[in-house]
1. Quote the FRET efficiency, to the nearest 0.05, computed for Ala92 versus Asp202 with a Förster distance R0 of 45 Å and r equal to the Cβ-Cβ distance.
2. Looking at the chain, what % of its DSSP beta bridges pair antiparallel, to the nearest 5?
3. Counting pairs of alpha carbon atoms under 8 Å apart in space and at least six apart in sequence, what relative contact order in percent does the chain give?
4. Tell me, Kirkwood radius of the chain from alpha-carbon pair distances, in Å?
5. Name the residues whose placed amide hydrogens come within less than 5 Å of the amide hydrogen of Met134, ignoring near sequence neighbours (fewer than 5 apart) on the same chain.
6. With each label point set 7 Å from Cα along the Cα-Cβ vector, what nm distance links Ala161 and Arg15?
7. Just grab the label-to-label distance for Arg102 and Asn36, each label 7 Å out from Cα along the Cβ direction, in nm (one decimal).
8. To the nearest 0.05, what FRET efficiency results for Lys216 and Asp68 with a Förster distance of 35 Å applied to their C-beta separation?
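Read the figures in this text as sums done on the coordinates, not as results from a lab. These figures come from a predicted structure and were not determined experimentally. Cβ atoms come from the backbone with ideal geometry, glycine included; neighbour counts cover every protein chain shown.
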Amino acid sequence: MAQINPSILSADFARLADEAEAVRGSDWLHVDVMDNHFVPNLTLGIPVVESLARATDIPLDCHLMIEDPDRWAPQYVEAGAGSITFHVEAAAAPVRLAREIRAKGARASMALKPGTPIEPYEDLLPELDMLLIMTVEPGFGGQAFLDIMLPKIRRTRELIAKHDLELWLQVDGGVSAATIERCAEAGADVFVAGSAVYGAEDPAQAVRNLRELADKASAEAWWTCEH
Ligand code: DX5
Ligand code: ZN
């Protein structure tokens, strides 16, 4: 079944516990950490993740858009995150880092910006629990979905099948009721949605709608065995 991870970047930062409650039934809460160096925006860090982890029982999916994740990522596991995504463009030693995240007890995930190809990282995939393909340039919510990323999603799904991996394939950026089916059809199974969830009248209902659209599209897709 498709997983939907609402991004709190589009939530009210003064009411994060309530905003987590508003998306009850979500698989993960997506937490965008930005340092104003790796991306031109600044959001939140370890103390906020610590408090949020105590305030909700939805597991935290931390997306680190920061320089030097080799140094910082392990501290986000200690802060209570269940999944840590670092950007390969910023990591000095991605294999060592993924192993360290897993050894500390979290899921290890690696992200690719739109201009970063998947092919050089084929041999790294068994070290990961999830791969994130950005469908916008990281830094801001509410941007338009880049459908030129669909072939990369498809090629990544082919690699996952070729190596018979238990790897989740996440997409992040511009995912909405208008774009989620194309992502699912191409091979994504974990969907981050910020404005499409928190911009909706009923965020929990928006999550259910997105999940239903994704489930239908993937059930009919080339990469599932259900047809
Ligand atoms: C962007 C962030 C996303 C962002 C997505 O750099 O990584 O998680 O919140 O927001 P939407 O869904 O509005 O594009
Ligand atoms: Zn994100």
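1. Approximately 0.55, to the nearest 0.05.
2. Percent antiparallel among DSSP bridges in the chain is about 5.
3. 20 percent
4. Final number for the Kirkwood radius of the chain is 17.3 Å.
5. HN-HN under 5 Å from Met134: Leu112.
6. Result: 4.5 nm between the two label points.
7. Those two pseudo-labels are separated by 3.6 nm.
8. With R0 = 35 Å, the Cβ-Cβ based efficiency is 0.30.
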